[in-house]
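Before any comments, here is the structure.
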Amino acid sequence: MVLQNVVNVFILGCGFMLIFTSFQTLGNIEQTIIDSIKTDVPTFSGDGYTSLAIIYAALSLSNWVTPSTLSAIGPRLAMIVGAITYCLFIACFFFPHVALLYASSVVLGAGAALIWTGQGMYLSQCSNNETISRNSGVFWALLQMSMFFGNLLVFFTFQGKTHIDEETRTIVFSVLIVVGILGTIMLACLRHPATDHNAPIELTQAVRPKEAFINAIRLFKTKRMMLLSITFVYTGLSLSFFSGVYGSSIGFTNAIGTSAKQLVGLNGVFIGIGEVLGGVAFGLLGSKITARYGRDPVVIVGVVIHLVSYFLIYINLPNVAPFGNTDEVSYIKPPNSIVAMLCSFLLGWGDACFNTQCYSMLGGVFNKQPAEAFSIFKFTQSVAAAASFVYSLHFGLHVQLLILVVVGIIGTVTFCLVEFSVKKHQAESETNREK
């Protein structure tokens, strides 16, 4: 039964890897692609940041009903339905129309709530207190390999192009939608989790949809979850920054040279390298560290890595880079592509530190209510991501970096407070058992 759950986690990670090879690649290049579409189709007035903001806003709202939905259809079917919405979103780019873009963004947001809450619940069902950190690391490392393949495709297809023509866009969209469909098929192959006497939840426990919604509200009001929500907000802000804003800022900085658009894809590759190495180091190999010292050292390492990357971005890219093509420069003249890719790597590595420990915390500490816990995680993360994409339309790079620094430090402190509370509770429980 243990082997069956290991296989389940592997299939889950591979399915998400394929689906998010499609979506994360598209998200990374969406603003750049739409900028080129506007040149070819003057009647098209869509905006990539607005589309991403709608996705995360719909995701945040939908998360409040996903526990009820999962109690009715189960996590596996929820993930399949969610995966289909990702494929539909990619398909809409074959027919550039503002209403279609924004409508499909709403649908994707609802589907994303299903797939992510279903993933969290399913991963928890396949784990116990001893394996949750390992399984989270395996899943995270597999998921983040999605940053490689699609972005390598972008790197080679965008080579030497300052304008992404229709033929190039069609090739990229076609490959991405095929990969997304393959990922959906893989999720359909998931088997029911094997039961384990150490499993964190009872798989047969039935919760009515109304009860699931009420339980989510109650859990959100607890002190631990309120503190963790600040950490979740930071993961959402950093997610929107590295997945949408930073890549576009590189592509819009003309002083980098003719390779600027090409580096948008390479940026995603280096983010992926950081994510995978971070997932392996702190999810798999780091399970012994977290077992001995707790989760807080990993999160502290993550915020330090991010702070270093924000400083380097500040001195390397101009303040107006998120808004469109610019000839302006920052303190490094001209902007250095190697420093830009180093920052991409650091952004991915730091993000892995935060997310592997958030998954471990949710799957371990809140193991009696996994659907509710993961839905709250995605709710707060998505609200922050949506807000970030909205203010990205108005705030320059420097203000965005300042927001990330402040919220990142506060989010790290609140995560550590919860971890200290968990350690204290565990120590008291062990003392009481010895008595």
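The values are calculated or read from the model by the stated rules, or taken from the named source; none is laboratory data. Everything quoted here is computed from the prediction, not taken from an experiment. No Cβ is skipped: glycine too gets one built from the backbone with ideal geometry, and neighbour counts run over all protein chains shown. For accessibility, only protein heavy atoms count, side chains too; no ligands or nucleic acids. Shrake-Rupley method; radii C 1.70, N 1.55, O 1.52, S 1.80 Å.
Points worth noting:
- Residues that are open to solvent by less than 30 Å² (accessible area, probe 1.4 Å) and either of a type in the set (S, T, Y) or under 19 Å from A373 (Cα atoms) (or both) were ranked within segment 248-261; the one that is farthest from the chain's Cα centre (by Cα) is T253.
- Single match in V245, V233 (criterion: within 21 Å of the chain's Cα centre (by Cα) and modelled with pLDDT of 90 or more): V233
- Segment 328-352 - residue that is open to solvent by 50 Å² or more (accessible area, probe 1.4 Å) and either assigned to a loop (DSSP other than H, G, I, E, B) or within 17 Å of N254 (Cβ to Cβ) (or both) and, of those, modelled with the lowest pLDDT: K333
- Residue match in segment 145-162 (condition: in contact with a Leu (Cβ under 9 Å, 6 or more places away or on another chain), more than 26 Å from G350 (Cβ to Cβ), part of a helix (DSSP H, G or I) and open to solvent by 20 Å² or more (accessible area, probe 1.4 Å)): no
- Counting only helices (runs of 4 or more DSSP H) that fall entirely inside segment 221-282 and contain at least 2 residues that are over 23 Å from V390 (Cα atoms), the qualifying elements are 223-240, 260-279.
- Remark: pairs (first residue in segment 174-202, at pLDDT below 95; second residue of a type in the set (D, E); Cβ separation under 7 Å; 6+ apart in sequence or on different chains) = N198/E130.
- Residues that are without any contact (Cβ under 8 Å) to a residue 40 or more places away in the chain, on the phi < 0 side of the Ramachandran plot and part of a helix (DSSP H, G or I) do not occur anywhere in segment 354-371.
- Of all the numbered requirements in (1) in a helix (DSSP H, G or I); (2) modelled with pLDDT under 95; (3) out of contact with any Phe, Trp or Tyr (no Cβ under 6 Å at 6 or more places or on another chain), N319 misses one, and that requirement is (1).
To keep it simple, each residue is scored yes or no on (1) within 30 Å of K221 (Cβ to Cβ); (2) among the small types (G, A, S); (3) crowded, with 21+ Cβ neighbours inside 10 Å; (4) under 15 Å from the mean Cα position of the chain (by Cα).
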position: N8; (1), (2), (3), (4): no, no, yes, no
position: F23; (1), (2), (3), (4): no, no, yes, yes
position: D35; (1), (2), (3), (4): no, no, no, no
position: D40; (1), (2), (3), (4): no, no, no, no
position: L70; (1), (2), (3), (4): yes, no, yes, no
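- Flag if Y359 is closer than 23 Å to N128 by Cβ, at pLDDT below 90 and over 19 Å from the mean Cα position of the chain (by Cα): no
- Of the criteria (1) surrounded by 19 or more Cβ atoms within 10 Å (Cβ to Cβ); (2) more than 30 Å from H394 (Cβ to Cβ), which one S104 fails: (2)
- For segment 400-419, the candidate set comprises residues that are open to solvent by 20 Å² or more (accessible area, probe 1.4 Å) and in contact (Cβ under 8 Å) with a residue 40 or more places away in the chain; within that set, the residue that is farthest from the chain's Cα centre (by Cα) is L417.
- Among the residues making up segment 107-123, those that are among the aliphatic types (A, V, I, L, M), under 17 Å from the mean Cα position of the chain (by Cα) and either within 18 Å of G180 (Cβ to Cβ) or open to solvent by less than 30 Å² (accessible area, probe 1.4 Å) (or both) are L108, A110, A112, A113, L114, I115, L123.
- The residue pairs whose first member lies in segment 6-29 and is closer than 16 Å to V269 by Cβ, whose second member is not in a helix (DSSP H, G or I), and whose beta carbons are closer than 6 Å, counting only pairs six or more residues apart or on different chains, are M17/M145.
- Condition check for V98 on (1) farther than 30 Å from A260 by Cα; (2) surrounded by fewer than 19 Cβ atoms within 10 Å (Cβ to Cβ); (3) among the aliphatic types (A, V, I, L, M); (4) in contact with a Phe, Trp or Tyr (Cβ under 8 Å, 6 or more places away or on another chain): one failure, at (1).
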